[in-house]
Ligand SMILES: N[C@@H](CCC(=O)N[C@@H](CS)C(=O)NCC(=O)O)C(=O)O
């Protein structure tokens, strides 16, 4: 059976668990990372030399990097749903996953870390404000993109929505000022109706 290592409050683990829920996959999950440890043991490092979560073992295939895992599971189990069969739609979904990594996450990370994981007296509020402004510009792009579609790559949920969806939850859940983005809010509302997103992603930030 598919085995997943990773703690539930990790944004990267959440992508994989939401993906599995959309694909209705059965799996065994092992808590790993932060207070659970495990990710610094020799056994874990032999699977994932980065010592980060998530890692999966699917029938002997050890895989790490959340987007590689989401792509792999989507391609294997979700052709025509999470993995669009139309090549152009598939490239479109993939493009937004890359954009999350190169553009959204570097801006979201300092906002999330300072406001959620750092003690108030240690927070770098200049970094929070810088990230917040850049995120507002990023989500303005997404807001305009969503004016003509329900999901990031068209009319149905694809793998492209998975990184975007976890980032959108943080954007709306963080105690920060946000410009009005009605299409993005409607998208967030649609995601929150999905059982897997509700169970694994739309959670209090810790
Ligand atoms: N690019 C990697 C990043 C993995 C990563 O940074 N994971 C974090 C959790 S979100 C981690 O393992 N932190 C150490 C820990 O939890 O102990 C991915 O997408 O999977």
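Bear in mind that the values in this text are calculations on the coordinates, not laboratory data. Note that the structure is a prediction, hence the values are computed from the model and not measured. Every residue, glycine as well, gets a Cβ built from its backbone with ideal geometry; the counts of neighbours run over all protein chains shown.
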*Ascending count of other beta-carbon atoms within 10 Å, so fewest first, for 124, 94, 59*: 59, 124, 94
*Using only Cα atoms, locate the centre of region 18-34 and the centre of region 152-206, then give the distance between them in Å, rounded to an integer.*
19
*If contacts are Cα pairs under 8 angstrom and at least 6 residues apart, what is the relative contact order of region 87-200 in percent?*
32
_Need one number: nm distance between label points at residue 145 and residue 65, each 7 Å from Cα along Cα→Cβ, rounded to one decimal._
2.0
*What is region 143-206's relative contact order, in percent, from Cα pairs under 8 angstrom and six or more apart in sequence?*
36
*asked:* Can you tell me how region 2-77 classifies by the Cα gyration tensor, rounded, prolate or oblate, using a/c under 1.5 as the rounded cut?
replied: prolate
*Gyration tensor verdict on the chain (Cα atoms; rounded if a/c is under 1.5, prolate if a/b is larger than b/c, oblate otherwise)*: oblate
*May I ask you to derive the FRET efficiency for residue 186 and residue 105 from their Cβ-Cβ distance with R0 = 25 Å, giving the value to the nearest 0.05?*
0.60
*Nearest 0.05, what FRET efficiency do residue 34 and residue 125 give at R0 = 35 Å with Cβ-Cβ as r?*
0.90
*What list of whole percents do you get for P(r) of region 87-200, with Cα-Cα distances grouped in 5 Å bins up to the one holding the largest distance?*
2, 12, 22, 23, 20, 12, 6, 2, 1, 0
*Mean separation of Cα pairs under 8 Å and 6+ residues apart, divided by the residue count of the chain: what relative contact order is that in percent?*
23
_For a quick check: sort 139, 172 by the number of other beta carbons within 10 angstrom, fewest at the front._
172, 139
*Could you tell me which of rounded, prolate or oblate describes region 140-206, using a ≥ b ≥ c as the square roots of the eigenvalues of the alpha-carbon gyration tensor, with rounded for a/c under 1.5 and, failing that, prolate when a/b is larger than b/c and oblate otherwise?*
oblate
